[in-house]
Each structure stands twice: as structure tokens, then as C-alpha cells.
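Structure, as C-alpha cells:
Bear in mind these aren't lab numbers, they're just calculated from the coordinates by the rules spelled out. Keep in mind the model is a prediction, meaning the values are calculated, not measured. Don't worry about glycine lacking a Cβ; one is built from the backbone with ideal geometry, like all the others, and counts go over all protein chains shown.
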Amino acid sequence: MTNPYTRLAVAAAEWDDLHPRMAPVALRQLALLLASLRLASGEVAERAALLAARLLGEQLPDRFPGESRLAPAASASSAGHRGFIADDLAVLVLDGHRMVGPVLGELRDRLLAEPAIGDAEALEGGCDPYAPGLIRLRAAGGSVRLPVFQFAADGQPVAVVREVNRLLDADHDPWGAATWWLSPHAWLDEPPVGLIGGPAEHQLLVAAGLPTEG
């Protein structure tokens, strides 16, 4: 029998092909079930996973077998598909971005673990969190997280950070911009974030304009 969590992981791995085939009302139902799965534990979570897996089977019968092949209750542990897990489907459906799977999912968790503030905290500091040139990452449930390295002590954005973010197109690719700032850089010999406020800060604009490898 199929573990419902495995079916959710399969759906995450193939979501580009599968979600256009689902009815809008089914997508809304799936979102509610995935939200419940995130918030619940024990039997309640298992029930939400089972219902979500059944919904996928009903909507995509040619891709997934009937619900009779689903285990009535199963653990999420060790249930995955090609490096995808059930929570990756929740990220795709609920959080509005595509940082999922064996590589991007790990990167997503690393970036979200960096010091950050929410949009309300940014407003309290006198900054518009939705101003152009700021990195805005979507955490679980779609909540906005703004990495703190973007802000000075007075709560305002650091000018050079906003300039670099514009070069990195952070408004359209915030995860890529955050990765650039927080990862080792071959030309700078360290993560770019370490140069903010230092004597070599001017190098950031040059480095951001360099062509990417690959």
C-alpha cells in the first residue's frame, strides 16, 4: 500500500505537469488540507495527509492509483520521492515559491535560518518592507522574512545593499539574491555580506555585475 506522504512527495516532484490538470476548487481544497497537515500532528496530521492524497488520486486518476492502495495512516518519516518530501508540496501550494526538492529545499531552509525580520517589524522601524530593492523571502504560510543584513542600525535599508539588490533583480528573484549575499564568492574570497559597512564595500557593486558562472 502507498504511504500518503509519498504520494504528496511525488506530486511535489511533478507539480509543473500536474497542477494545471487540477480543478480550481480542488486546488483550494488541497491548500486547506496541506495547511492543516502543517499545523497538526499525530492522527490529525495523518488524516489530513490521507485526504490530500485521496484528492490527488481523484483529480489525477491516470497518474495515481485509487485510494484503496493508500495506507489509512502512515508516518512522514522516510516517505519521499527523488529527494522531494510532502512538505515540498505545501511550499509550492501555500508559500508561493519553488525552493523545493533535494537541493533547493536545503538551501531554502538555510536561508530562512539566517537572521531576519518580518514586514511588521520593518514597518515599526520606519521602513517600507515592500519597497523596491529589498529581499523578501516567503517562509511557511507565506509570511515575509527580510534578511537583517539589508538594514542599518536606524532601521533604514543600507544604500549599497539596495543598489546591489537591483543588479541582482531581487524583486523577481529574492532567493537568488539572498544566495548571492550569503554564499562564498570566488572574486571576493568571502560571502559578500561580510563587506557591508567595511572599507571594501565598493567592491560589491562590481562583483554583482560580474557574469555568473555556468
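At-a-glance table
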| quantity | calculated |
| --- | --- |
| Of TRP15, TRP187, TRP175, the one that fluctuates the most in a GNM where the chain has Cα springs shorter than 10 Å | TRP187 |
| Amide H contacts of THR2 (H built 1.01 Å from N, under 5 Å, at least 5 apart or other chain) | LEU70, ALA71 |
| Quotient of Cα Rg and 2.2 N^0.38 Å for the chain, N being how many residues it contains | 1.20 |
| Most fluctuating residue given options PRO157, PRO115, PRO192, as computed from a GNM of the chain linking Cα atoms under 10 Å | PRO115 |
| Sorted by Cβ neighbour density within 10 Å, fewest at the top, the residues VAL103, VAL158, VAL144 | VAL103, VAL158, VAL144 |
| Segment 109-208: Rg to Rh, with Rh as the Kirkwood radius over Cα pairs | 0.94 |
| Crossing angle, helix 24-39 versus the chain [Cα axis fit, 0-90 degrees, rounded to tens] | 80 |
| Rounded if a/c under 1.5, otherwise prolate or oblate - segment 4-95, Cα gyration tensor axes | rounded |
| Rounded tilt (10° steps) of 4-13 against the dominant C-alpha axis of the chain | 50 |
| Efficiency of FRET from Cβ geometry, GLU124 and VAL103, R₀ 35 Å, rounded to 0.05 | 0.50 |
| Nearest-ten-degree value, helix 101-112 long axis tilted from longest Cα axis of the chain | 50 |
